[in-house]
Every structure is written in structure tokens, then in C-alpha cells.
Amino acid sequence: MTQQSSSTATACVPDPGVVVGEDGLARPAWAAVDPLLRDYYDTEWGMPVTDEQGVFERVSLEGFQAGLSWATILRKRPAFREAFDGFAPDAVAAYTETDVERLMGDAGIVRNRRKIQAAVTTARATIELREEMGLADLVWSFQPDTTPRPRTFTEIPTTSDESVALSKELRRRGFAFVGPTTMYALMEAIGIVDTHLLGSHRRGSSGIWPS
């Protein structure tokens with residue numbers, strides 16, 4: 001998820017720090033307004049994902065999110081999961097041009113041919129990685145020694161040396177739509193880094209990094 005994931009929430013709350021909700025919990029502005037984003041923030045975002053299928057799904061969805069808001073992808077996620085066979089890498093890797101055309105006709109997902117084809121390419125590259133360390137272990141091998149400690153929204157990075165290196169490595173292995181910013185968003189989403197604001201009730205909740 002890029003840091004521009006909820007332009008509406010950001011516009012409503014000019015202060016980039018935490019917002020205390022009616023439940024008394026402090027969250028960043030992007031997660032303080034939309035109930036769907038709030039629930040995602042409270043239960044999923046930043047929690048460790050270490051299995052192949054889970055990482056493959058998130059790499060694919062981050063690719064679909066490029067140029068769009070994360071809220072758009074999150075609302076479409078059930079349809080994505082149905083259309084892409086639950087993001088099982090073996091199933092997606094077997095897709096043919098017929099499947100691409102099927103997906104292009106599915107109004108429930110983002111109908112972008114290059115992104116759809118990238119998901120298929122990513123699935124095939126994921127299978128090839130099984131002969132080595134596997135996708136999840138490869139992605140997690142780029143975990144940094146330290147994590148950001150932002151107090152405000154504007155202090156949250158959008159890339160890092162590790163996300164640049166991860167992007168380069170995945171591209172080398174045939175992955176697509178895995179730019180440094182997209183890969184940093186992935187690292188945030190699956191707990192590799194903790195960019196929860198220091199004042200947020202979710203800071204340190206992954207168990208990977210201290211609060």
C-alpha cells in the first residue's frame with residue numbers, strides 16, 4: 001500500500017499525525033475514516049506474512065494497486081481472489097491467453113492487461129523460486145536491521161535501500177510491477193518494516209519490531 005492510499009482521508013485530516021477514533025484508539029489519518037481501511041489497518045496491515053501464497057497474493061495486489069488507491073484494491077479483493085483462484089501460484093501460472101481475456105472481461109477486478117499478465121508472470125517466477133529459497137524467504141531476506149520510527153505521516157519513507165535491492169532482484173528473476181515504491185509498500189504490509197506511527201495503537205503489534 002502506497003502512502004497515498006486514501007486521498008479522501010488525508011484531505012479530511014490535514015494533520016498527518018494520529019487521529020483518535022470514537023473507540024479511543026489512535027490511528028493514522030488514512031485509516032481513521034473509511035471503515036474498510038480501518039478494519040484492514042487494525043487486523044492485517046503490518047502483520048507478518050511468511051507463506052508463499054500469501055506473499056504472492058500481496059505482490060500481485062500491490063502491482064494492481066500501482067496508480068490507484070489501496071482502498072480500491074481492498075474493495076475489489078474478494079473479486080480478485082475469486083477471479084485468480086485464490087492466488088494459488090500453480091493455478092495462476094497455468095493461465096493462458098484465454099484466461100487473460102476472461103479476466104479482462106471481469107468487471108469486479110482492475111481490468112488492466114499488463115497488470116493481469118504481470119500476475120501470471122509473477123506466478124511462474126514464484127514457482128521457479130521453489131528450486132532455491134522460495135518467494136517468501138527471498139522477500140524476507142531483504143528485512144533491514146532497523147525500522148523507521150515515524151511520529152508523523154510525512155516522516156514515513158516511500159522507498160529504502162532494501163526495497164530498491166528487492167525490486168532489482170525480483171525483476172532479475174522475471175517479476176513485473178515490482179518497483180522500489182511498490183516493494184516498500186509490500187514490506188510495510190507484510191511486517192518486514194514497521195511504519196506504524198509511534199502514537200498509533202498498532203505500533204509494535206507485529207512482534208517483529210519493538211514499539
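The values are calculated or read from the model by the stated rules, or taken from the named source; none is laboratory data. This is a predicted model, so every value here is computed, not measured. Glycine also receives a Cβ, built like all others from the backbone with ideal geometry; neighbour counts cover every protein chain displayed.
Side notes on the structure shown:
- Picking from residues in the range 116-137 that are farther than 17 Å from Asp85 by Cα and surrounded by fewer than 18 Cβ atoms within 10 Å (Cβ to Cβ), the one that is nearest to the chain's Cα centre (by Cα) is Asp137.
- Considered as a group, the residues in the range 67-103 that are assigned to a helix (DSSP H, G or I) and of a type in the set (Ser, Thr, Tyr) include one that is surrounded by the fewest Cβ atoms within 10 Å (Cβ to Cβ), and that residue is Thr98.
- Of the residues Glu44, Glu57, the single one that is charged (D, E, K, R), under 14 Å from the mean Cα position of the chain (by Cα), within 14 Å of Ser205 (Cβ to Cβ) and at pLDDT 95 or above is Glu44.
- The set of residues in the range 104-115 being exposed (fewer than 13 other Cβ atoms within 10 Å of the Cβ) and in contact with a Leu (Cβ under 8 Å, 6 or more places away or on another chain) consists of Arg111 alone.
- Subset of the range 172-197 (residues that are surrounded by 14 or more Cβ atoms within 10 Å (Cβ to Cβ) and among the basic types (Lys, Arg)): Arg173
- The set of residues in the range 104-119 being more than 15 Å from Glu52 (Cα to Cα) and in a helix (DSSP H, G or I) consists of Met104, Arg113, Arg114, Lys115, Ile116, Gln117, Ala118.
- Residue tally, condition in contact with a helix residue (DSSP H, G or I) (Cβ under 9 Å, 6 or more places away or on another chain), assigned to a helix (DSSP H, G or I) and touching a residue at least 40 places away in the same chain (Cβ under 8 Å), over the range 122-166: 11
- Ala88 vs. criteria touching a residue at least 40 places away in the same chain (Cβ under 8 Å), aliphatic (A, V, I, L, M) and under 27 Å from Gln143 (Cβ atoms): no
- Any hit, the range 14-25, residues being more than 20 Å from Thr158 (Cβ to Cβ), at pLDDT 95 or above and either buried (at least 22 other Cβ atoms within 10 Å of the Cβ) or among the acidic types (Asp, Glu) (or both): no
- Residue list for the range 175-210, filter: farther than 15 Å from Arg27 by Cβ, in a loop (DSSP other than H, G, I, E, B) and not β-branched (Val, Ile, Thr): Phe175, Ala176, Phe177, Gly179, Gly191, Ser206, Gly207, Trp209, Pro210
- Against the test of being within 17 Å of the chain's Cα centre (by Cα) and free of Cβ contacts under 8 Å to residues at least 24 places away in the same chain, the options Arg77, Arg111 yield a single qualifying residue, Arg77.
- Screening Asp42 against (1) in a loop (DSSP other than H, G, I, E, B); (2) out of contact with any Phe, Trp or Tyr (no Cβ under 8 Å at 6 or more places or on another chain); (3) touching a residue at least 60 places away in the same chain (Cβ under 8 Å) leaves a single unmet condition, (1).
- Count of residues meeting criterion [surrounded by fewer than 20 Cβ atoms within 10 Å (Cβ to Cβ) and in contact with a Lys or Arg (Cβ under 8 Å, 6 or more places away or on another chain)] in the range 53-66: 1
- Here Met183 fulfils each of the conditions (1) under 15 Å from the mean Cα position of the chain (by Cα); (2) at pLDDT below 95 apart from (2).
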